[in-house]
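Reading through the structure tokens given below for one structure.
The values are calculated or read from the model by the stated rules, or taken from the named source; none is laboratory data. Just so we're clear, the structure is a prediction, and the values are computed from it rather than from any experiment. So basically every Cβ, Gly included, is an ideal-geometry build from the backbone, and we count neighbours across all protein chains shown.
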Amino acid sequence: MKLFIKILLSPLRLIFFLISLPFKLLKLLFSPISNWINNSKFGKFFSDVPDDRPVMEAASEVFKSPSIFFDQIEDFRKHLLRSLLFLVVSILFSFTFTDQIIAFIAQPVGGLASLQAIEVTESLGVFMKVALLLGVAFALPYITFEIWLFIAPGLMPRSRKVSLITIPFALLFFVSGLAFAYYFLLPSTLPFLLDFMGVSTKLRPQSYFDFVTGIMFWIGVSFEFPLVIFGISSMGWINPSMLLKQWRMAVVVVSVIAAVITPTVDPVNMSLVMAPMIGLYFISILFSWVANMAIKTDSPVN
């Protein structure tokens, strides 16, 4: 019997060896680079463990040595200055393609030709507002990174790494919300609103772009819900089992939020908003599980 098991396992071991061989070779090849990174200043930044002291003790030390507080203020000033400079550059850069973005946003109603301005500065105001929103959107990931650089020294090593990974995820989720609003929600919502009671609507650029950008922004923000749950879970306030037990209450809350966000009162458009938000709630349970695993693994070193 033992001989039979050995014969049966031999092909499986060979297959596992062949599958794992490329990864072993890559590990052997990049181990010198990995060791260099771990021993460098960059690697130490991610591996250093901050002092685990009570809040009152830390506050007492600040009162004894005010220079510590002023050093933190100076560090924050540098991060804030870099963020503002990048924001200005991003807004100036957005002026180069604001016309194309405005034309793209106007496509659901037939393009810019379907809009009619009634004020002299209305078109200019729309252009400046869209350019400003684009600039902020492009600069937001970098500003978030600067905020992370400021608070990262106070985090534990694993929390430091996990929180850095969430920055591109935040951008991905927000863009996914924008895409959902533009490609799924607006095409079904606008015809309902523009033809309600058989009354044709003459669209102004200001009101149309205020409406569309508002809807896209709030849908994009709602898509950040899994990351919010991840952050709360990282603080130890909630856990996956709590979220799983409260899924019925979550559906009710999502229904209320969807009713507020949805610009129409019909159940079809409300369902279009509810479906992805309910899916995001269950995705947030997975994010909460990852955060709780990070807390358990990321214990201070004595």
Checklist entry - Conditions: (1) closer than 20 Å to Leu171 by Cα; (2) buried (at least 16 other Cβ atoms within 10 Å of the Cβ). Phe127 meets all but one. Number of the miss? => result (1)
Checklist entry - Can you name the residue in region 68-98 that is loosely packed, with under 12 Cβ neighbours inside 10 Å and either charged (D, E, K, R) or not assigned by TED's automatic domain parsing to the domain that holds Ser123 (or both) and, of all such residues, is modelled with the lowest pLDDT? => result Asp71
Next on the checklist: With the structure loaded, tell me whether Gly135 is closer than 20 Å to Phe211 by Cα, loosely packed, with under 15 Cβ neighbours inside 10 Å and not basic (Lys, Arg) or whether it fails that test.
Outcome noted: no
Next on the checklist: Every residue in region 111-124 that is in a helix (DSSP H, G or I) and in contact with a Leu (Cβ under 7 Å, 6 or more places away or on another chain), please.
Outcome noted: Ser114
Item to check | Cβ pairs under 6 Å, 6+ apart, first in region 179-196 and of a type in the set (A, V, I, L, M), second surrounded by 14 or more Cβ atoms within 10 Å (Cβ to Cβ) | outcome: Ala181/Ile215; Ala181/Met216; Ala181/Ile219; Leu185/Leu272; Leu186/Pro108; Leu190/Pro108
Checklist entry - Tally time: how many residues in region 193-214 are at pLDDT below 75 and either at positive phi or of a type outside the set (A, V, I, L, M) (or both)? => result 6
Checklist outcome for this item: Taking region 84-110 and keeping residues in a loop (DSSP other than H, G, I, E, B), touching a helix residue (DSSP H, G or I) at 6+ places or on another chain (Cβ under 9 Å) and not aromatic (Phe, Trp, Tyr) leaves Ala106
Item to check | Phe230 vs. criteria among the aromatic types (Phe, Trp, Tyr), closer than 22 Å to Leu133 by Cβ, surrounded by 14 or more Cβ atoms within 10 Å (Cβ to Cβ) and in contact (Cβ under 8 Å) with a residue 12 or more places away in the chain | outcome: no
Checklist entry - In region 221-229, is there at least one residue being over 20 Å from Val162 (Cβ atoms) and either of a type outside the set (Ser, Thr, Tyr) or not assigned by TED's automatic domain parsing to the domain that holds Leu115 (or both)? => result yes
Next on the checklist: Under 8 Å between Cβ atoms, which residue pairs at least 6 apart in sequence (or on different chains) link something in region 198-221 that is surrounded by fewer than 14 Cβ atoms within 10 Å (Cβ to Cβ) with a partner that is outside any loop (DSSP other than H, G, I, E, B) and modelled with pLDDT under 85?
Outcome noted: Ser200/Leu194; Thr201/Leu193; Thr201/Leu194
Item to check | helices (runs of 4 or more DSSP H) wholly inside region 215-302 containing at least 1 residues that are within 20 Å of the chain's Cα centre (by Cα), at pLDDT below 80 and of a type outside the set (A, V, I, L, M, F, W, C) | outcome: 225-234, 267-297
